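Trainee: First the structure, which I've put down as structure tokens, then a few questions once you've had a look.
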Amino acid sequence: MALAEGLLFGGNQLVGHWFTPIVWTGYILFVDALVYKFSGRSLLMTDRLEFVIIAVISIGGWWLFEFYNAPRFWKSDLELWWHYHNLEPNLLLRRVGYDWAFATISPAMFETAELFAFTVFQRQTSRATLKFSKAVLMMMTFAGLAGAIVPLVFPSEWFAPVVWLSFILLLDPVNALRGQPSISNDLAWGDWHRLWALLAGGLVCGVLWEFWNYWALTKWTYTVPFFGNVKIFEMPVLGFLGFPPFAVECWVMYIFLRSLLASKRTSLHLNGGDIYVRVREETADDISLPKQSAT
């Protein structure tokens, strides 16, 4: 990160154009080392395959959001919220840059959230429970489905907040009803650790995204109707409110897709506050565990 910053401000054109993926790769290495120091395990040290899975899901997830940003086949004049500048002219290299940068999004947020889970929020005791009935979970799912469809059918610059919330409402109840790790089940047991860690991780990464983007040569800017001229770096100030739920949204998408990859005899296992999945084979002892311990 320090080397990239030094070369950027020293006028290095190559680093300036590839600054975003370079600096975020450095950030992931740095935070992963801290997570390993505090927990004795981390994605890059002990769960490398899971890191690859998260990175691939991260690429696919952000291409989905790119489709929302330019729903008519990514035509530049139809981008709704963010716009890229000074892109690599070679289309193959540009795609490499896109995918490299996109691959860092979820790993960066999850590593940061994991760091918060093992430090700031580790000693927090359980708080009040928030239980959702099956009917409420179903209603949340239908609301999320509507929120996911409407911005594609009726593209509008006003729907940015809907996109950052709809997949939480759509997929987290589905994860809960399928018996997979979910924020809904966490809150039902009074466990707020994972939620707070994800929100904090999203906010920290959001600030850093905008901070590093501001000076990069290849960068993005925004056009949104919500106080769009009142900015911190390139981001309209209200846009920073979207980063915490964005981390939760990426997490519920990851859990949903990750559960589809698991075999029928394999269960997704997350201890309280853990962010990423460690897969283990179910045993007879697991069947007899109380429901709270199993989740």
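The values are calculated or read from the model by the stated rules, or taken from the named source; none is laboratory data. Keep in mind it's a predicted model, so treat the numbers as computed, not measured. For neighbour counting, all protein chains shown are included, and Cβ atoms are generated from backbone atoms with ideal geometry for every residue, glycine included. Surface accessibility is based on the protein's heavy atoms, side chains included, excluding ligands, DNA and RNA. Shrake-Rupley method; radii C 1.70, N 1.55, O 1.52, S 1.80 Å.
Trainee: Go through the residues of segment 78-91 one by one and say whether even a single one is charged (D, E, K, R), touching a residue at least 12 places away in the same chain (Cβ under 8 Å) and more than 30 Å from residue 22 (Cβ to Cβ).
Mentor: No, there is no match, as no residue in segment 78-91 is charged (D, E, K, R), touching a residue at least 12 places away in the same chain (Cβ under 8 Å) and more than 30 Å from residue 22 (Cβ to Cβ).
Trainee: Among (1) closer than 30 Å to residue 79 by Cα; (2) in contact (Cβ under 8 Å) with a residue 12 or more places away in the chain; (3) of a type outside the set (Val, Ile, Thr), there is one condition residue 142 misses while meeting the rest; what is its number?
Mentor: (2)
Trainee: Which of the residues spanning segment 37-49 are surrounded by fewer than 19 Cβ atoms within 10 Å (Cβ to Cβ) and either at positive phi or in a helix (DSSP H, G or I) (or both)?
Mentor: Listed by number, the residues that qualify are 37, 38, 39, 40, 44, 45, 46, 48, 49.
Trainee: While we're on this one: Name, by its number, the condition in (1) surrounded by fewer than 18 Cβ atoms within 10 Å (Cβ to Cβ); (2) under 23 Å from residue 119 (Cβ atoms) that does not hold for residue 84.
Mentor: The one condition residue 84 does not meet is (2).
Trainee: Could you list, ordered by first residue, the pairs with Cβ atoms under 9 Å in which the first is in segment 93-111 and open to solvent by less than 20 Å² (accessible area, probe 1.4 Å) and the second is β-branched (Val, Ile, Thr) and not in a helix (DSSP H, G or I), at least 6 apart or interchain?
Mentor: Pairs that qualify, where the first residue is open to solvent by less than 20 Å² (accessible area, probe 1.4 Å) and the partner is β-branched (Val, Ile, Thr) and not in a helix (DSSP H, G or I), are 97/218; 109/275; 110/275; 111/275.
Trainee: Here is a further query. Return the total of residues in segment 208-254 being open to solvent by less than 60 Å² (accessible area, probe 1.4 Å) and within 26 Å of residue 276 (Cβ to Cβ).
Mentor: 19
Trainee: To continue, here is another question. So which residues in segment 112-151 are within 21 Å of residue 57 (Cα to Cα) and open to solvent by 40 Å² or more (accessible area, probe 1.4 Å)?
Mentor: 145, 149
Trainee: Restricting attention to segment 175-196, and to residues there that are more than 17 Å from residue 134 (Cβ to Cβ) and aromatic (Phe, Trp, Tyr), which single residue is modelled with the highest pLDDT?
Mentor: Here the residue is 196.
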